[in-house]
Amino acid sequence: DPHVAKFVYDFTEGNKDLKDLLGGKGANLAEMTNLGLPVPPGFTITTEACKTYLDSGEEPAALRDEVSAHLDALEATMGKKLGQADDPLLVSVRSGAKFSMPGMMDTVLNIGLSDKSVQGLARQAGDERFAWDSYRRLIQMFGKTVLGVDGELFEDALDAAKAARKVTVDTELEAADLKKLVTKFKKIVKTEAGRDFPQDPREQMDLAIKAVFDSWNGDRAKLYRRQERIPHDLGTAVNVCSMVFGNLGPDSGTGVAFTRDPASGHQGVYGDYLQNAQGEDVVAGIRNTVPLAELESIDKKSYDRLMQIMEILENHYKDLCDIEFTIERGQLWMLQTRVGKRTAGAAFRIATQLVDQGLIDEAEALTRVNGAQLAQLMFPRFDESAKVEQVGRGIAASPGAAVGKAVFDSYTAVKWSRSGEKVILIRRETNPDDLDGMIAAEGILTSRGGKTSHAAVVARGMGKTCVCGAEELEVDTKRRRMTVPGGQVVEEGDVVSIDGSSGKVYLGEVPVVPSPVVEYFEGRMHPGADDADELVEAVHRMMAFADRKRRLRVRANADNAEDALRARRFGAQGIGLCRTEHMFLGDRRELVERLILADTEAEREESLKALLPLQKRDFVELFEAMDGLPVTIRLLDPPLHEFLPDITELSVRVALAESRQEPHENELRLLQAVHRLHEQNPMLGLRGVRLGLVIPGLFTMQVRAIAEAAAERRAAKCDPRAEIMIPLVGTVQELEIVREEADQVIAEVERTTDTRLKLAIGTMIELPRAALTAGQIAEAAEFFSFGTNDLTQTVWGFSRDDVEASFFTAYLEKGIFGVSPFETIDKDGVGSLVAAAAKAGRATRPDLKLGVCGEHGGDPESVHFFHQVGLDYVSCSPFRIPVARLEAGRAAV
Ligand code: PEP
Ligand code: MG
C-alpha cells in the first residue's frame, strides 16, 4: 500500500541528502554504503517513526513489522540470526538526529548477547575473553542508557575487578574475571532497575530503539537544542547496524580520524587509534590512544586503505570529514562519517583551501563559514609578552582566551555564573551531565581526553574556549582542587587563565590583546605581508568573496568621528544611524538642561544658540570621517527627563537644603521641572518627533547645524552626504510638519551659503502605526530606516529595558521563543510588518531607500531576512560590520 508510511530504510536505500528523515548518521552511512565503502550492513528507523511515537506515546503499529522485515533481510545477508545461540548476529543501536546532539542516548553495542549466545560467540571467535568482555559491555551500556542505572555503579565494579586482579587496564582482565563481572553487572541491573537484564535479543533491540526515541526528550537533549537553536520537533532516527569488533585482540582496534586538522585546517593525518578496543573507549579517554599516524606501523594494510577512503570522502563531500572506524582482525570497517566540526579559524582556512583545490567555488565557500565564527575570531587573545605563570599545557581544543575562577563541578559553575562570576570549569573529563556547567563557564579545562573527547567536541560546537587533556594537572573534583606540577594547589575560586588556541594553562589573570583578525580590519596587519598568518589571509579572501556577492550595503551606527573612522576601516559604507542624543551628554548636559527648563522664549533661544555651534562641529567631524558616503543623522529621540537629574536624588537634595535652611531656589525649580516632565511610561511618552513638535526650535537648530556643517564641507571641496532622519513617527502629518520647518531652514542655509545641499529627509519606522501606514508616510519621506528595537518593543508590548532580565528566561525555557526577539528579528510578527511596510513604501515611492538600524542589523539570521525582504542596507555597531558584510554575502548565495 503506497499510503502506508515507510518507517525503515536499509543502508542501501538512503543517501546523504535524506538527513531530515534518516538523521545525519543514517544518511551518511547510506551514502558510504552506496559509494562502495566497507560499511557493516544495517538499517535506519526514520525520524518520522520517532515523531509518531513521541506524539502518540506508542510505537506505530507498522513499525514493528517493518523492523522485523528488515531484520529478516539483515539476518539473511549475514547468514545468522540475532542472538542465535551457536553463532549470534549482534547489532548496535545508535541514535542519530539531523544535527549531532550530545545529550541524547548515543549507542548500545553488542545487542543480541545473552547467557546462551555469549558461549556461541566465544566459540565462533575462538576467544572466550572477548565474548565475555562484549557481554559485560552490553549489560553496562544497556543498563545505563536504556534502563537508567547510574553508570558509576558499573565503573566502580569494573575498578574493583581490576583492583582485585592488581591490574590497571581492562584488557588485562581475563575471561574468568569478566564472567564474574557479568554476574555482578546483572545484579546491579536487577537491584537498580527492578528487572532482570533481558535475555531475549529482540526485546533488547526493541527496548534500545524505544530508549533512543525517548532520549530525544531527555533534559540534556532539550537544553542542548535550546542552546543551539535546534527545533524541538525534528525527532531522531535510530540506526541498527551489524556489529564488527575492535576488541578481538591486538590486530583489532577502533579509532577516529579527520581528513584535515579541525583546528588549523591543514591536510594531514589527524586522529586517534586504540588497539583492542570497542566503541566509546577512544572518546571516553579510558585508555591512552596513539596518534593515528602510528597505525601505519601497527597495520599497514588497513592504514593505507583508510587513507584511500579518507581521500574518497573528502573529494565526495568536498569538505573536512570526520570518521569513526573499526578494524576487526585486519579488516577495516567504516562506522560513521560526517562533515566534521571545526574551529572558526579552520572553517575560514578550509573554505579557501577547497577553493584553491578547485573543489568548491566562491559562493560555496561562503556557505562554509558564518558570522558567528567570524565574531569568534575577533575576540581578544592573551598577551604573549605578559609576565605569566604557565603551569601546564593541554590540547588546544577550542580557541579563545578565557579567564575565570576555578570551579570543579557544573553545579558550582552554574551557581557562580548566575551571581555574575566568570568561571573556568575544571574536570578530569566531561560527560553530557556537564552540559549546563559548560554553558555557564567562560572556558573548560580537562586533564584527560584528546581532541575528540566530549569536552573538546562540545566546546567547539558552542564556540567556547577549551583546553583538554592537560595531563600534568592533577584534578581532584571531590576535594575541589587541582595540583599543578611543582605541587602548587589551585583551590576553588582561584583565578586561572586558559588559552584554547595554544593549549596553555596559566595561574592568575593573563592580560588579553586584540585578535589578528581585528588588527587586519583595523589596517594594522596586511594580508600577504610577512607577519600575516594564514588566518588573516583566509579572512581577507572570504570578505572579498562576500563583498562581491552581497546586494545589501552595510552601514554603521556611529555618533562620533572615532567610531565612524573605525567603521569605515571595517568596511562600512556610510552611517545608518547617528544618535544625536549621545552628543548632548557630558559638559553639554547643562545646556540641554537650560533648554528644557527655559521659562521664556529668550532663554530658550539662548540655549539653542549655545548648542548650535557644538552640534555643527560634531557633524563636520562626522562628514569628514565619512566623506563621500551617506551619513544618516537622527534628530533628538529620547524622553527629556533622561537629561535631567534623578527625581528621588533631587527631592532628597531639596529636602536637605530646606531643613538646613540653605538657599535652594535652583534645585526647587529643577525639581518642579522634573516633576512636570515625569512620565509613567516615558518610552511611550514625549520623545522622538513629538519633541520636535512641542519644543520650538529644537529640531530646527539640529537641522541648521547639519545644513551649515554640510555647507562648510562643500566649501572645502569635500563631499558630505547628510540624511536627516525623524524618529518615532506614527503618522504622516507629524512628518509633514517637521519636514516643512526643516525645508525652510535648509533653503535659508542654501541661500546664505549659496550652496545646493541636496539633503535627504526620511523617517524611522519604529511604531506599528507607521508600518501600517507606510504608504502614506512615504509621501513625505525619501527613506525609511526600520528601528527594529522600538518596533519589537511596541509590536510585542515588551519593554526593551526590562524583559530580558525579568521573564525572558522563563519564556526561553518554555520554548515560547528560542532566542530573544530583541536579538534576532521575529520574522512572523515584527518581520512581516517590516516586509509589508517596505512594499507599501516602495509602491508610493519606487526609489524609496530602505534600511534597518536596530540591533538586528548586525545579527546574522536577521541580516538574511532583511536581504530577503529587499532592504537596501543594514546598519550596525562598528564591531559587527565585518559579520554583517559576511552574512550579507552569504544571504546572496
Ligand atoms: C530602534 O528603535 O531600533 C533604534 C535604532 O532606535 P533606538 O535604539 O535609539 O531607540
Ligand atoms: Mg528607536
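The values are calculated or read from the model by the stated rules, or taken from the named source; none is laboratory data. Everything numeric in this text was worked out from a predicted model, so none of it was measured. Note that we place each Cβ from the backbone using ideal geometry, even for glycine, and neighbour counts take in every protein chain shown.
For every residue, the table says whether it meets (1) more than 45 Å from the chain's Cα centre (by Cα); (2) modelled with pLDDT of 90 or more.
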{"site": "VAL654", "(1), (2)": "yes, yes"}
{"site": "SER659", "(1), (2)": "yes, yes"}
{"site": "GLU665", "(1), (2)": "yes, no"}
{"site": "ARG669", "(1), (2)": "yes, no"}
{"site": "ARG676", "(1), (2)": "yes, no"}
{"site": "LEU693", "(1), (2)": "no, yes"}
{"site": "LEU698", "(1), (2)": "no, yes"}
{"site": "GLN702", "(1), (2)": "no, yes"}
{"site": "ILE706", "(1), (2)": "no, yes"}
Report summary line: Over region 126-137, the set of residues closer than 22 Å to VAL93 by Cα and surrounded by fewer than 23 Cβ atoms within 10 Å (Cβ to Cβ) is PHE130
Query raised in the report: With respect to GLU823, is the statement that it is within 14 Å of ligand 1 (Cβ to nearest atom), under 30 Å from PHE521 (Cα atoms) and surrounded by fewer than 21 Cβ atoms within 10 Å (Cβ to Cβ) true?
Result: yes
Query raised in the report: When region 111-127 is examined, which residues are found to be outside any loop (DSSP other than H, G, I, E, B) and modelled with pLDDT of 95 or more?
Result: ILE111, SER117, VAL118, GLN119, GLY120, LEU121, ALA122, ARG123
Query raised in the report: Would region 865-874 turn up any residue that is away from ligand 1 (no atom under 14 Å from the Cβ), acidic (Asp, Glu) and surrounded by 14 or more Cβ atoms within 10 Å (Cβ to Cβ)?
Result: yes
Query - Which listed residue is within 16 Å of ligand 1 (Cβ to nearest atom) and outside any helix (DSSP H, G or I), from LEU686, LEU691 - result: LEU686
Query raised in the report: Looking at region 464-477, which of its residues are part of a loop (DSSP other than H, G, I, E, B) and closer than 26 Å to ALA263 by Cα?
Result: LYS464, GLY469, ALA470, GLU471, GLU472, LEU473
Query raised in the report: Looking at (1) under 30 Å from the mean Cα position of the chain (by Cα); (2) closer than 25 Å to THR632 by Cβ; (3) among the hydrophobic types (A, V, I, L, M, F, W, C); (4) away from ligand 1 (no atom under 15 Å from the Cβ), which is the one condition that is false for VAL834?
Result: (4)
Query raised in the report: Of all residues in region 417-446, how many are surrounded by 20 or more Cβ atoms within 10 Å (Cβ to Cβ), at pLDDT 90 or above and not in a loop (DSSP other than H, G, I, E, B)?
Result: 13
**Report entry** Residues (acidic (Asp, Glu) and more than 7 Å from ligand 1 (Cβ to nearest atom)) located in region 777-796
**Finding:** GLU779, GLU782
Report task. Could you pull out every one of the strands (runs of 3 or more DSSP E) wholly within region 478-581 that has 3 or more residues that are touching a strand residue (DSSP E or B) at 6+ places or on another chain (Cβ under 9 Å) and either free of Cβ contacts under 8 Å to residues at least 60 places away in the same chain or in the same structural domain as CYS876 (by TED's automatic domain parsing) (or both)? Result -> 553-557, 575-579
Query raised in the report: Only one residue in THR755, THR763 is within 13 Å of ligand 1 (Cβ to nearest atom) and among the hydroxyl-bearing types (Ser, Thr, Tyr), so which one is that?
Result: THR763
Requested in this report: Only residues that are more than 30 Å from GLY218 (Cα to Cα), of a type in the set (Lys, Arg) and out of contact with any helix residue (DSSP H, G or I) (no Cβ under 9 Å at 6 or more places or on another chain): list them for region 103-150, please.
Outcome: LYS116
Query raised in the report: Of GLU734, GLU712, which residue is of a type in the set (D, E, K, R), in a helix (DSSP H, G or I), crowded, with 18+ Cβ neighbours inside 10 Å and within 16 Å of ligand 2 (Cβ to nearest atom)?
Result: GLU734
Query - Filter result for GLU723 (within 16 Å of ligand 1 (Cβ to nearest atom), among the acidic types (Asp, Glu) and surrounded by 14 or more Cβ atoms within 10 Å (Cβ to Cβ)) - result: yes
Requested in this report: Mind counting the residues in region 193-234 that are of a type in the set (S, T, N, Q) and closer than 13 Å to CYS50 by Cβ?
Outcome: 2
Report task. Kindly indicate whether any position in region 739-746 is within 16 Å of ligand 2 (Cβ to nearest atom) and either closer than 30 Å to GLY628 by Cα or in the same structural domain as PHE623 (by TED's automatic domain parsing) (or both). Result -> no
**Report entry** Qualifying helices (runs of 4 or more DSSP H) (wholly inside region 190-297; at least 1 residues being at pLDDT 90 or above and buried (at least 17 other Cβ atoms within 10 Å of the Cβ))
**Finding:** 201-215
Report task. Among the residues of region 646-677, write down those that are surrounded by 17 or more Cβ atoms within 10 Å (Cβ to Cβ) and within 21 Å of ARG588 (Cα to Cα). Result -> LEU650, GLU667, LEU670, LEU671, ALA673, VAL674, LEU677
Report summary line: If we keep only residues of region 754-812 that are among the small types (Gly, Ala, Ser) and in a loop (DSSP other than H, G, I, E, B), then the residue nearest to ligand 2 (Cβ to nearest atom) is GLY787
Report task. With the condition kept exactly as written, say whether any residue in region 825-848 is within 16 Å of ligand 2 (Cβ to nearest atom), closer than 15 Å to GLY762 by Cβ and touching a Lys or Arg at 6+ places or on another chain (Cβ under 7 Å). Result -> no
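Residue-by-condition table, conditions (1) more than 16 Å from ligand 1 (Cβ to nearest atom); (2) within 14 Å of ALA564 (Cβ to Cβ):
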residue	(1), (2)
ARG594	yes, no
THR600	yes, no
GLU606	yes, no
PHE619	yes, yes
ASP627	yes, yes
LEU636	no, no
